[in-house]
Amino acid sequence: MKIAVASDHRGFTVKSMILALLKSLGHDGLDLGPDSSDSVDYPDFAATAARAVADGTADRGILICGTGMGMCIVANKFHGVRAANCHDDLTAEMSRRHNDSNVLCLSADLLGDRLVNRMIEIWLETEFEGGRHARRVEKIAEHESQQSTHLSE
């Protein structure tokens with residue numbers, strides 16, 4: 001699977017660890033920056049990764065900032081992106097199982113390395129359940145399309 005990975009300066013070290021994990025799991029991690037821990041604006045990097053998921057360049061994305069919240073807000077502005085800010089095994093699993101999340105947002109400041117690794121493995125391995133959840137995800141896409149239509153009028 002091709003996975004777009006980006007961070008801000010606070011998530012830079014965690015991003016490097018995640019890229020190594022993805023490689024060890026047999027995935028293709030696309031490093032979308034930044035290239036150092038120098039201060040950057042998280043919306044720029046979140047947008048680049050979310051756009052890669054939205055346009056099909058990447059199958060999924062992983063974003064890391066101080067809390068994960070800023071990256072998540074930005075990513076969810078992109079058509080077709082279902083970003084989830086997860087903080088434990090259960091939220092990572094359920095974001096896939098019930099919401100078919102395609103972007104995982106993580107905190108660099110609040111989560112340890114072992115937990116991050118475990119959450120990513122769970123998130124990558126968990127399948128979307130479909131069924132009643134598919135109907136709900138379809139409704140999200142409908143709202144997204146209606147919003148796009150209203151903006152273009």
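Out of (1) out of contact with any Lys or Arg (no Cβ under 9 Å at 6 or more places or on another chain); (2) in a helix (DSSP H, G or I), the odd one out for GLY80 is which?
Answer for GLY80: the failing condition is (2).
Go through the range 104-117 and give me each residue that's surrounded by 15 or more Cβ atoms within 10 Å (Cβ to Cβ) and more than 11 Å from ILE64 (Cβ to Cβ).
From the range 104-117, those surrounded by 15 or more Cβ atoms within 10 Å (Cβ to Cβ) are 104-108, 111, 115-117; that's our starting set.
Result: LEU115, ASN117.
Does ASP38 meet the test of being in a loop (DSSP other than H, G, I, E, B) and acidic (Asp, Glu)? Don't jump to the end; show me each part of the working.
On the way: in a loop (DSSP other than H, G, I, E, B): yes; acidic (Asp, Glu): yes.
Yes.
Would you pick out the residues in the range 36-48 that are hydroxyl-bearing (Ser, Thr, Tyr) and more than 16 Å from the chain's Cα centre (by Cα)?
Hits for the range 36-48 are SER36, SER37, SER39.
State which residue is surrounded by the most Cβ atoms within 10 Å (Cβ to Cβ) when the search covers only the range 13-35 and only residues that are over 15 Å from the mean Cα position of the chain (by Cα) and assigned to a helix (DSSP H, G or I).
If we take residues in the range 13-35 being over 15 Å from the mean Cα position of the chain (by Cα) and assigned to a helix (DSSP H, G or I), then LEU21 is surrounded by the most Cβ atoms within 10 Å (Cβ to Cβ).
Inside the range 83-127, can you point out the residues that are of a type outside the set (Val, Ile, Thr), more than 22 Å from ALA46 (Cβ to Cβ), in contact with a helix residue (DSSP H, G or I) (Cβ under 6 Å, 6 or more places away or on another chain) and not in a helix (DSSP H, G or I)?
HIS98
What do you reckon, is ILE62 surrounded by fewer than 19 Cβ atoms within 10 Å (Cβ to Cβ), aliphatic (A, V, I, L, M) and within 12 Å of the chain's Cα centre (by Cα)?
No.
Determine if the range 29-42 includes at least one residue that is over 18 Å from MET119 (Cα atoms), aliphatic (A, V, I, L, M) and in contact with a His (Cβ under 7 Å, 6 or more places away or on another chain).
Just the residues of the range 29-42 that are over 18 Å from MET119 (Cα atoms), to begin with: 30-42.
Narrowing further to those that are aliphatic (A, V, I, L, M): 30, 32, 40.
Those left that are additionally in contact with a His (Cβ under 7 Å, 6 or more places away or on another chain): 40.
There is at least one residue in the range 29-42 that is over 18 Å from MET119 (Cα atoms), aliphatic (A, V, I, L, M) and in contact with a His (Cβ under 7 Å, 6 or more places away or on another chain).
Looking at VAL74, VAL53, which is the one that is in contact (Cβ under 8 Å) with a residue 12 or more places away in the chain, under 26 Å from ARG135 (Cα atoms), in a helix (DSSP H, G or I) and touching a strand residue (DSSP E or B) at 6+ places or on another chain (Cβ under 7 Å)?
Step by step, each of VAL74, VAL53 is checked, and only VAL53 is in contact (Cβ under 8 Å) with a residue 12 or more places away in the chain, under 26 Å from ARG135 (Cα atoms), in a helix (DSSP H, G or I) and touching a strand residue (DSSP E or B) at 6+ places or on another chain (Cβ under 7 Å).
Each value in this text was obtained by applying a stated rule to the coordinates, not by laboratory testing. The structure presented is a predicted model; accordingly, all values stated were derived computationally and were not measured. With ideal geometry, Cβ positions are generated from the backbone for all residues, glycine too; neighbour counts draw on all protein chains shown.
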